[in-house]
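Working notes, structure below.
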Amino acid sequence: MPLLLHHRKLRKRAVVLYDMLLQRNPPRDGEAKKRKSRSPEGGAAKRQETVITPCAQAHHINKLKKMTKMTIRNSLVTALQNAAVMKEAERIVGDQLWNRNQRSEDCLTASDIAEHIGIDTKDLNSFLCDIGIQKWAGGQYHLTPKYSGKGLTQDRLFIYYSRDGKQRQRTFMVWTPEGAEFIIDIMKSRIL
């Protein structure tokens with residue numbers, strides 16, 4: 001018996017296949033004997049039962065083994081094909097993500113700038129909102145109209161998968177080197 005048949009699901013499937021073989025494929029000529037069953041009182045025959053000979057059982061078991069091997073082989077081939085498709089899909093998504101984010105390659109996140117300045121990211125974002133440089137809307141930070149269009153920020157795309165396996169994407173704001181210098185200069189002017 002192949003090692004893969006020890007897997008619980010495959011064994012269960014093998015039993016189901018075996019039952020299907022016995023029910024759907026009637027025995028061939030010479031493989032089965034008809035036997036009359038009598039009532040306990042010795043009356044007339046009620047029904048006929050088909051008894052499968054050991055030769056027929058061996059034939060069905062061999063057929064089941066071949067079908068099981070084919071099922072396992074097909075499952076392995078399908079799994080390998082799916083893995084290859086997923087790998088190619090990840091490569092394509094990665095290339096598209098890189099192409100889309102290429103212009104924000106040298107940009108810094110608010111966390112990077114906050115770490116450089118030596119404060120907490122929440123404090124930096126709160127400070128930038130308080131002085132009117134950015135605002136919180138739609139679950140993310142955006143520049144206020146006064147500062148937008150000056151080349152201070154870029155959008156970066158983030159792709160992730162939800163719990164149900166669906167691909168999702170989200171953009172978030174990152175600061176260009178000019179934007180990072182702008183923030184550092186404002187912080188220095190406010191501190192001094």
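A short reminder: the numbers here are calculations on the coordinates, not readings from a lab. If you're wondering where the values come from, they're calculated on a predicted model, not measured in any experiment. Glycine also receives a Cβ, built like all others from the backbone with ideal geometry; neighbour counts cover every protein chain displayed.
Descriptive notes on the structure:
- Cβ-Cβ distances below 7 Å connect the following pairs, each with a first residue in the range 107-131 that is within 13 Å of Thr176 (Cα to Cα), a second residue that is among the hydroxyl-bearing types (Ser, Thr, Tyr) and buried (at least 17 other Cβ atoms within 10 Å of the Cβ), and a separation of six or more residues or different chains: Cys107/Thr176.
- Subset of the range 166-192 that is touching a strand residue (DSSP E or B) at 6+ places or on another chain (Cβ under 9 Å) and of a type in the set (Lys, Arg) - its residue that is nearest to Tyr141 (Cα to Cα): Arg170
- Among the residues of the range 132-180, none is identified as surrounded by 11 or more Cβ atoms within 10 Å (Cβ to Cβ), farther than 24 Å from Asp106 by Cβ and of a type in the set (A, V, I, L, M).
- Reported count of residues in the range 137-191, each being closer than 21 Å to Asp112 by Cβ and in a strand (DSSP E or B), is 18.
- Residues satisfying the stated conditions in the range 155-192, i.e. hydrophobic (A, V, I, L, M, F, W, C) and farther than 30 Å from Ile92 by Cβ: Ala180, Phe182, Ile183, Ile184, Ile186, Met187, Ile191, Leu192
- Condition met for Val93 (touching a residue at least 40 places away in the same chain (Cβ under 8 Å) and either surrounded by 10 or more Cβ atoms within 10 Å (Cβ to Cβ) or not β-branched (Val, Ile, Thr) (or both)): yes
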